[in-house]
Amino acid sequence: MITAARSEADKEAGHRRLNRRRVTSLLLVAPLLIFTIVVFLLPIVTILTNAVASPEVSTGLPRTSLALAGWHPADRNLPGGEVFDALAQDLSEKSPERTRAVAAAARRLNYEVGGFRSLLVSTERAVKKSADDAGNWRERLIGMDGRWGDIETWQAIRRAAPAHTPFYILSALDMRQAADGSIGMVPENQRTYVAVLMRTLKVAAVTTLICLALGYPFAALMVKSGRNFAFMLLGAVMLPFWTSLLAKTSSWIVILQEQGPLNKLLIWSGIVSSPLQLIFNATGLYIVMAHMMLPFMVLPLYSTMKGIPSHYMKASSSLGANPARGFFHVYLPMSLPGVGAGALLTFIVSAGYYITPSLVGSPREQMLGYFVAFYAYTSVNWGLASALGLMLLVCVLALYLLAGRTVGVRQIAGLR
């Protein structure tokens, strides 16, 4: 009995110690967990929310949005008089908050139909001046502006009335929703963002291939070199991390311009007779991007190659394999985790760049990040900026999931 009681007491004490360790571990990782949630998960949730959120019309024109819920545009008839009355009530309120809400609704509706902002603002002013006058608001509104008698005007309000709409996501995919609810592509001369996305992925892919071609032998040289020379090579790789992005980009503009050192060297050596156009085009963009991204490729490769025993190649040689066969059958497969990790990291970082392409590329080389920054900071269209960012995020996640099934990347990610 005494032995059993002691055993139970020991078990309870062990459970208490285990619980204390778990609580201590949780408290230790809590700052990192909170930091991850704040700087990583919350921005993603915000992007997902802003990409489909469209509360401006329902907030700025609440009575109109509610009245239009029972109207069916397929009938091809104008809404009833109660909808016109609801719009007049929404526009007649004179508080500053309501004025700002109507202005936000006007800006949102302008995305649906060009010129809607001026229509709504001018109508708001006219309604406030004549709010006390008696009369049929349907006739008065149409008399103020004939566009209120067009069914397309009311269809636009009804499409934008829900608090959540696919408008921004469809716009990011060069698509739009028709009045009957069907979804189709915008006219060819208005398609922009899908082509920009393809260009972004192409620039990131080419940059990754250039970095792989340059970084693989460089990392192998670092592994094979002596300690002092390897340390010097590592410092050369790390140097771009220690230099301002703007300073690096500006330096490349000076080097690659027509009167820059590189063109002067090429002319002096007789390789070319006239200066080459090396900047503000795709050539300059790939040169500068490769310089920026090379460390992201070299460091994972170096880390992987450092762990490959040197006697494996000697063993393959002793078994009759020539250096080329030994490399492709022994060394390369063992270095694939570094290749996968470096390529994935380089591609993801390259796809999100926008400062460098803006400075060294022409308008034809602008990437998706430029448009995200433009709509976020210049035109303050957070919905479209979030939709474009979400589109890029989905592409990167799809690439990561695809790469996760290749050799090495899952090992680097710790998934197996």
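The values are calculated or read from the model by the stated rules, or taken from the named source; none is laboratory data. These numbers come from a predicted model, not from an experiment. When we count neighbours, we look across all protein chains shown, and the Cβ atoms used for this are built from the backbone with ideal geometry, even at glycine.
A few notes on this one:
- Flag if Ser251 is over 17 Å from Ala351 (Cα atoms), surrounded by fewer than 14 Cβ atoms within 10 Å (Cβ to Cβ) and either assigned by TED's automatic domain parsing to the domain that holds Leu399 or not hydrophobic (A, V, I, L, M, F, W, C) (or both): no
- Top-ranked residue of the stretch 106-119 - restricted to ones that are touching a residue at least 24 places away in the same chain (Cβ under 8 Å) and part of a helix (DSSP H, G or I), ranked as farthest from Thr165 (Cα to Cα): Leu119
- Selected residue [assigned by TED's automatic domain parsing to the domain that holds Ala282, in contact with a helix residue (DSSP H, G or I) (Cβ under 8 Å, 6 or more places away or on another chain) and in contact (Cβ under 8 Å) with a residue 40 or more places away in the chain] from Thr153, Thr200: Thr200
- Within the stretch 50-98, tally of residues that are at pLDDT below 90 and part of a loop (DSSP other than H, G, I, E, B): 13
- Count - residues of the stretch 334-354 that are among the aliphatic types (A, V, I, L, M) and touching a Ser or Thr at 6+ places or on another chain (Cβ under 7 Å): 2
- Taken over the stretch 143-192, the criterion of being hydrophobic (A, V, I, L, M, F, W, C), in a helix (DSSP H, G or I) and under 19 Å from the mean Cα position of the chain (by Cα) is satisfied by Phe167, Ile169, Leu170, Ala172.
- Val127 vs. criteria of a type in the set (A, V, I, L, M, F, W, C), without any contact (Cβ under 8 Å) to a residue 60 or more places away in the chain and either surrounded by fewer than 16 Cβ atoms within 10 Å (Cβ to Cβ) or over 18 Å from Pro55 (Cβ atoms) (or both): yes
- Filter result for the condition that a residue is closer than 26 Å to Leu388 by Cα and assigned to a helix (DSSP H, G or I), over Ala236, Ala195: Ala195
- Ala219 being farther than 27 Å from Asn50 by Cβ, surrounded by fewer than 19 Cβ atoms within 10 Å (Cβ to Cβ), in contact with a helix residue (DSSP H, G or I) (Cβ under 7 Å, 6 or more places away or on another chain) and in the same structural domain as Pro337 (by TED's automatic domain parsing): no
- Test result for Ala101, out of contact with any Phe, Trp or Tyr (no Cβ under 9 Å at 6 or more places or on another chain) and either over 22 Å from Glu152 (Cβ atoms) or part of a helix (DSSP H, G or I) (or both): yes
- Qualifying residue in the stretch 170-184 (condition: at pLDDT 85 or above and more than 24 Å from Ile47 (Cβ to Cβ)): yes
- Of the residues Pro357, Pro333, Pro295, Pro275, the single one that is out of contact with any Gly (no Cβ under 6 Å at 6 or more places or on another chain), of a type outside the set (D, E, K, R) and not in a helix (DSSP H, G or I) is Pro275.
- Within the stretch 364-408, the set of residues being surrounded by fewer than 14 Cβ atoms within 10 Å (Cβ to Cβ) and polar (S, T, N, Q) comprises Thr378, Ser379.
- Ala103 falls short on exactly one of the conditions (1) touching a residue at least 12 places away in the same chain (Cβ under 8 Å); (2) over 30 Å from Ala172 (Cα atoms), and that condition is (2).
- Criterion violated by Pro240 - all others in (1) surrounded by 12 or more Cβ atoms within 10 Å (Cβ to Cβ); (2) more than 30 Å from Val339 (Cβ to Cβ); (3) at pLDDT below 85 satisfied: (2)
- Top-ranked residue of the stretch 239-271 - restricted to ones that are in a loop (DSSP other than H, G, I, E, B) and polar (S, T, N, Q), ranked as nearest to Ala282 (Cα to Cα): Gln257
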